[in-house]
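See structure below.
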Amino acid sequence: PGHLYVVATPIGNLGDLSPRAQAVLESVDAICAEDTRTSGQLLTHFGIRKPLLAVHEHNETDICTRLVERLRSGETLALISDAGTPLISDPGFALVRAVRAAELPAVAVPGACAAIAALSIAGLPSDRFVFEGFLPAKSGARRERLGQLASETRTLILYESSHRITDCVADIVAVLGADRPLALARELTKLYEQSRSSTAGDIAAWLASDANHSRGEFVLVIGGAPAQADATLQEGQRVLGILLGGGL
Ligand code: SAM
């Protein structure tokens, strides 16, 4: 049977499409793409001409059976998304699951992923982390989700769009506190790339200081809550301070 190659594409800088990714895309029979127009432009840039099949969240489940049949008949396929690694806040899960269920080979061709790129420069603990993708679009639901994540001790990675970045950071300040460590990465690998690692309060002020700061695409990396032992110690120190100080 043919292989399904899951191929990462650039998140901005076209130089990030690896030579191996190019070779694989050149070798397959057809390329499954989230948006055939966006991917068409990318492939044209690299001089790659292949039949494109649209695989997006609305049709993914329906066309899985047909794609699995094509693999079974010996065709090789690649799966790409508009940017970065497929399946990471992007379509592809239903297809890969179907390929696995059919016991056909799936092969990763790794490359850019905004979450990992942002984590690699955040200056926050990277030994254990949690990827939460996009939080809910409405503030009430977003605050509720942040509340559920408030005591998470691992580093948290979020995606956010320009429309909601200011409101999202305001909700982080409201729920997790202005002192919570927060790193923001904007327009990674692109012309107006910027990143900043400080606290939620500082990032909120930085966003408010210049309208350009809230343009583009964002990754937020939130420092985890102090571990339980630390939290208990801090609480003990707080109480001791009150007792020694003779205050409340
Ligand atoms: N599959 C992609 C990946 O591997 O990173 C993510 C796709 S998701 C639909 C798009 C979101 O990823 C954006 O809203 C933003 O949060 C983040 N993102 C993608 N490219 C980015 C970039 N160049 N700089 C910062 N964030 C980016």
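Key figures
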| read-out | value |
| --- | --- |
| All strands (runs of 3 or more DSSP E) inside region 78-192 with 3 or more residues being under 24 Å from A225 (Cα atoms) and within 16 Å of the ligand (Cβ to nearest atom) | 129-134, 155-161, 181-186 |
| Where T65 falls short, out of the listed (1) closer than 29 Å to K190 by Cβ; (2) more than 23 Å from the chain's Cα centre (by Cα) | (1) |
| Residue tally, condition farther than 7 Å from T155 by Cβ and of a type outside the set (D, E, K, R), over region 120-129 | 4 |
| Among the residues listed as L207, L146, L156, L184, the single one being buried (at least 17 other Cβ atoms within 10 Å of the Cβ) and touching a Ser or Thr at 6+ places or on another chain (Cβ under 6 Å) | L207 |
| Of the criteria (1) under 30 Å from S161 (Cα atoms); (2) in a helix (DSSP H, G or I), which one G236 fails | (1) |
| Cβ pairs under 6 Å, 6+ apart, first in region 73-96 and more than 18 Å from S39 (Cα to Cα), second surrounded by fewer than 24 Cβ atoms within 10 Å (Cβ to Cβ) and hydroxyl-bearing (S, T, Y) | A94/T61 |
| Residue check, A83 in contact with a Lys or Arg (Cβ under 7 Å, 6 or more places away or on another chain) and either modelled with pLDDT under 95 or surrounded by 15 or more Cβ atoms within 10 Å (Cβ to Cβ) (or both) | no |
| Residue satisfying all of: in region 1-35; modelled with pLDDT under 95 and away from the ligand (no atom under 16 Å from the Cβ); nearest to V109 (Cα to Cα) among these | G2 |
| For R49: the one exception among (1) surrounded by 16 or more Cβ atoms within 10 Å (Cβ to Cβ); (2) over 26 Å from the mean Cα position of the chain (by Cα) | (1) |
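The values are calculated or read from the model by the stated rules, or taken from the named source; none is laboratory data. The model shown is predicted, which means the values in this text are computed figures rather than measured ones. Counting neighbours? That spans all protein chains shown, and the Cβs are built from the backbone with ideal geometry, glycine included.
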